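Read through the structure below, which is laid out as C-alpha cells, and then see the notes.
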Amino acid sequence: MSQYTYIDIPFNFRHTCWFCGEPAAKAFDLPRNPKNIHFLAHAPMSIPACDECAAVRVASDVSSIWAVRDYVKRSLMDKYSDHLAIGQNWTEQELQESEFSGALLGGFGESAWKMYEIARDRLSYQGWKVAIDSIPVEGEDETYGFEFDGVRYMSLNTCIDHLIKSLRLDKELLPSLVDLLGPEKIDYAVKIAKLNKAIIGYQRDKILDEVRQQLEDQQEIERQARFAGDYSRIEEVLVGDGIATTESIQWALKNEITTLPVLCQQEDAFFDAFAHLGGPQCYLNYYGLQLYFEARQNPQWVLDNDPNAEWFVG
Ligand SMILES: [Zn+2]
C-alpha cells in the first residue's frame, strides 16, 4: 500500500519500476517517514518500484525524486558491478567465440552477456516525466549523469570509480588520463588503463607523458590540416594591371611569405616554383603577386578590396 498520491503513470508504463524499468510490484514512498516531508522540494509522492528499488535506503533528508534515483542507481551499480564488468571486459562476440567455462566467468556461463545487458539497461533507465494529477513536478537536472559504453552513471566520477573497481585498474592512471584527454575520450583512456593495470609511479608518469606528446602531435597535425584546407578558398585578386593568381597567393602563404619585402627576398624561389609556366607567364604571376602585396601595405585597401584578408592575420 502506498502512503501518498502516486505519480502519474503513462498507460504503457503500467506496472513498471520508475527507477529501473523492471516490473513494479511495490511503491517507493517519498518520504518513507512522513515527518521528513519538510526536506522535500516537491509534494510527497509514491513511486511505482520493483522489490529491489523499493528497498533501497536513502538519507532521511533526501530532497527530491531525482536524488532518490541517484541512491537507487548507485545501489544497483554496487550490487551488479560484476555483471557490468562483463561488458567492460569483453565484447559479445568475444564471449560467443571463446569457450569460457563457468569457472572463468565466475559462474555466469552462457548467460553472462544477458546479465550484463540487464544490469546495463536497469542502470541506464531514465523513467518518465514526473507529474502528479497531470501537473509536472519541476526540478529534474537535465544534464543528469554521464554515459559510457551504454551505461548511464550518476556522474563522471562515479563512472571512473566504478571502472577502476570493476576492471581492477590502477587507481591514479585512469583519472589522470581522463583529465588529459577529456571525458569524451574516456573509451580511449580505459583502453590504455586496461593495458597498464599493474604499474608503478614512474611507469604511470611515462604513459602520461606519451599521451601528452600524442595530444600535442595531434593538435599540430590538425593545425596544419586547417591551414591546408583554408588555402583552397583563396581567391585571385586583380590589382592595377596585374592579377595575383590563386596559386601564387597559396604559394606565398604556404611559404609564410606575407609581406612585400619578404616576397622580394624570395623572388628566386617563386621563379623556381612556377618555372613550369614558362618565362613570360611566370613573370606575370610574380608581377601580380608583387602588386597585391604592395597594395596590402595599405590597411584601408585590405579592408575594402582583399578577399583573402583573413589568411594574412597573425
Ligand atoms: Zn527497479
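Taken about its Cα centre, the chain carries a charge dipole of about 1820 debye when Lys and Arg each add +1 at the Cβ and Asp and Glu each add -1 at the Cβ. Couplings for segment 164-181, taken from phi via the Karplus curve 6.51 cos²θ - 1.76 cosθ + 1.60 with θ = phi - 60°, read 4, 5, 6, 9, 6, 8, 4, 5, 9, 5, 4, x, 5, 5, 5, 4, 5, 8 Hz in order; Gly and Pro are left as x. Where the alpha-carbon atoms of the chain are placed on the principal axes, they occupy 95, 53, 36 Å, in descending order.
Could you tell me which of rounded, prolate or oblate describes segment 128-231, using a ≥ b ≥ c as the square roots of the eigenvalues of the alpha-carbon gyration tensor, with rounded for a/c under 1.5 and, failing that, prolate when a/b is larger than b/c and oblate otherwise? Provide the component values of the computation, followed by the final result.
Values: a/c = 3.83, a/b = 1.43, b/c = 2.67.
Oblate.
Classification of segment 5-83 by its C-alpha gyration tensor yields an oblate form. The axis ratio a/c (a ≥ b ≥ c) is 1.5 or more, and b/c is at least a/b.
Note down the net charge around LYS129, summing +1 for each Lys or Arg and -1 for each Asp or Glu among other residues with Cβ under 11 Å from its Cβ. The answer is -3. Near the amide H of TYR153, within less than 5 Å, lie the amide hydrogens of PHE146, GLU147, PHE148, all on another chain or at least 5 residues away, with H placed in the peptide plane. Go ahead and set up a Gaussian network model of the chain, Cα springs under 10 Å, then flag whichever of GLN213, GLN265, GLN250 fluctuates most. Greatest mean-square fluctuation among the candidates belongs to GLN265.
Evaluating 6.51 cos²θ - 1.76 cosθ + 1.60 at θ = phi - 60° for every residue in segment 113-126, the Karplus couplings come out as 5, 4, 5, 4, 4, 5, 4, 4, 5, 5, 5, 7, 4, 9 Hz, glycine and proline recorded as x.
Compare the Cα positions of ILE221, LEU195, LEU181 along the charge dipole of segment 169-232 (+1 at Cβ of Lys, Arg; -1 at Cβ of Asp, Glu; about the Cα centre) and return the one farthest towards the positive end. So the residue furthest toward the plus end is LEU195. Bridgeable lysines around LYS165 (alpha carbons under 28 Å apart, same-chain partners fewer than 8 residues away excluded): LYS73, LYS79, LYS114, LYS185, LYS191, LYS194, LYS197, LYS206.
May I ask which residue of ILE257, CYS159, ALA119 lies farthest towards the positive end of the charge dipole of the chain, with charges of +1 (Lys, Arg) and -1 (Asp, Glu) on Cβ and the Cα centre as origin? Working it through, the farthest residue towards the positive pole turns out to be ALA119. Size descriptors for segment 184-294 (Cα atoms only): Rg and Dmax, in that order, 23.1, 71 Å. Relative contact order of segment 11-155, taken over Cα pairs closer than 8 Å and 6 or more residues apart, is 23 percent. Test of understanding: in a Gaussian network model of the chain with alpha carbons linked when under 10 Å, which of GLN300, GLN290, GLN203 would top the mean-square fluctuation ranking? Fluctuation is largest for GLN300. Placing unit charges on each Cβ (+1 for Lys and Arg, -1 for Asp and Glu) gives the chain a dipole about its Cα centre, and among TRP66, PHE28, ASN285 the Cα reaching farthest toward its positive end belongs to PHE28.
With both labels modelled 7 Å from their Cα along Cα-to-Cβ, the ILE9 to LYS129 distance reads 2.0 nm.
Summarising the amide proton neighbourhood of PHE28: residues at separation of 5 or more, or on other chains, whose placed amide H is nearer than 5 Å comprise ILE47, ALA49. Helix content alone sets the calculated 222 nm mean residue ellipticity of the chain: runs of n ≥ 4 DSSP H residues at -39500 (n - 2.57) each, divided across all residues, give -15000 deg cm²/dmol.
Go through segment 219-314 and name the GluC sites (Glu not before Pro) that are in a DSSP coil and have 14 or fewer other Cβ atoms within 10 Å of their Cβ. Intermediate values should be presented prior to the final figure.
Details: sites: GLU220, GLU222, GLU235, GLU236, GLU247, GLU256, GLU267, GLU294, GLU310; in loops: GLU235, GLU236, GLU256.
Counting only loop positions with at most 14 other Cβ atoms within 10 Å, the GluC sites (Glu not before Pro) in segment 219-314 are GLU235, GLU256.
All Cα-Cα distances of segment 237-312, cut into 5 Å bins from zero to the largest, leave 3, 16, 31, 27, 15, 6, 2, 0 percent in each bin in turn.
For the chain, modelled as a GNM whose springs connect Cα atoms under 10 angstrom apart, the maximal fluctuation among SER248, SER81, SER64 occurs at SER248. Sorting the segments 40-51, 84-95 by their residues' average number of neighbouring beta-carbon atoms within 10 angstrom, most packed first, yields 40-51, 84-95. Under the convention that each Lys and Arg Cβ holds +1 and each Asp and Glu Cβ holds -1, the size of the dipole of segment 136-220 around its Cα centre is about 680 debye.
Every number in this text was worked out from the coordinates using simple rules, so none of it is lab data. Worth saying up front: this structure is predicted, and the values here are computed from it rather than measured. Neighbour counts run over all protein chains shown; Cβ positions are idealised from the backbone, glycine included.
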